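The values are calculated or read from the model by the stated rules, or taken from the named source; none is laboratory data. Predicted model only: the values in this text are computed from it and were never measured. Here the Cβ positions follow ideal geometry from the backbone for every residue, glycine too, while neighbour counts run over all protein chains shown. To get the accessible areas, we keep the full protein, side chains included, count just its heavy atoms, and leave off ligands, DNA and RNA. Shrake-Rupley method; radii C 1.70, N 1.55, O 1.52, S 1.80 Å.
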Amino acid sequence: MLQVEDKPAKTVRVFIGLKIAQDVAEALAHRARLIESPPSRFVPCQDIHLTLLPPWDETCIPEAIERLRAALSGLKPFTLAFTRLSYWPSLDRPRLLCAECLPTDELKSLQQALLNAFGRKDDKPFQPHVTLARMQRGGRAAAGKNQMDHELSLVQSIDSVEFFQSRTQAGKGYQILASLPLVAPRRKWRDLLRQSLIRITGLWRQLSHPGKEEKAARSKGRSQIAIGTPSRSGASRCCNS
């Protein structure tokens, strides 16, 4: 009998991160080129991103995307702030030129949710950053001469998380396999109904039972009308006097 061997499942190199908007990416790339030059290899603007979960080999893309969708449940959109340019891991041993990001509570909560969802651990403190250039040997010496006082004041609204496919052997850019939105949790319909009933009840009370201030205003208005309008008998007496 002819036996058919099971073919190994095809794996795809993937990672999870944030896509940097085109205008922000262009501004970061411009700043990077002001302090670096070839032979440093600059990251193309369309590939600039922030990695949240490092690459791994995935055999079932749809399942991984659904796991990501579940991990994002209840997480709200937030603002990503870029603080400064720096060489990583250090100025003495530069390998990367990066734009550091402010590690806000929202960003750290997002990264932790992804670690939990995919059963990963990160022993190092989370230092959010965006890689802008990779140093070559000839560029590392020049990098040590740069004074890294390049403060940044760029911000970007983050309302989605991307599921990326890593670079292919041909060297083409990253491919977004899925972009999942961050949506603010909707208020429960019971809370909305309760608030609507409270407003309707308050309006009905105002219409059917006017408050003391309204009664006083009405009474005062009637008294002013009575004082300001003379009676017919009073007018005849004035004429006969």
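Scanning the stretch 39-48 for residues that are buried (at least 16 other Cβ atoms within 10 Å of the Cβ) and part of a loop (DSSP other than H, G, I, E, B) yields a count of 3. Within the stretch 61-90, being assigned to a loop (DSSP other than H, G, I, E, B) and open to solvent by 70 Å² or more (accessible area, probe 1.4 Å) holds for S73, K76.
One residue stands out in the stretch 174-189 among those that are surrounded by 14 or more Cβ atoms within 10 Å (Cβ to Cβ) and in a loop (DSSP other than H, G, I, E, B): the one that is modelled with the lowest pLDDT, namely V183. Residues in the stretch 60-107 that are in contact with a Ser or Thr (Cβ under 9 Å, 6 or more places away or on another chain) and among the hydroxyl-bearing types (S, T, Y): 3 in all.
A99 - would you say it is crowded, with 18+ Cβ neighbours inside 10 Å and over 24 Å from the mean Cα position of the chain (by Cα)? Criteria not met by A99. For the stretch 103-124, the criterion of being more than 17 Å from I158 (Cα to Cα), in a strand (DSSP E or B) and open to solvent by 10 Å² or more (accessible area, probe 1.4 Å) is satisfied by no residue at all. Could you tell me whether E36 is of a type outside the set (A, V, I, L, M, F, W, C) and open to solvent by less than 50 Å² (accessible area, probe 1.4 Å)? Against the criterion (of a type outside the set (A, V, I, L, M, F, W, C) and open to solvent by less than 50 Å² (accessible area, probe 1.4 Å)), E36 qualifies.
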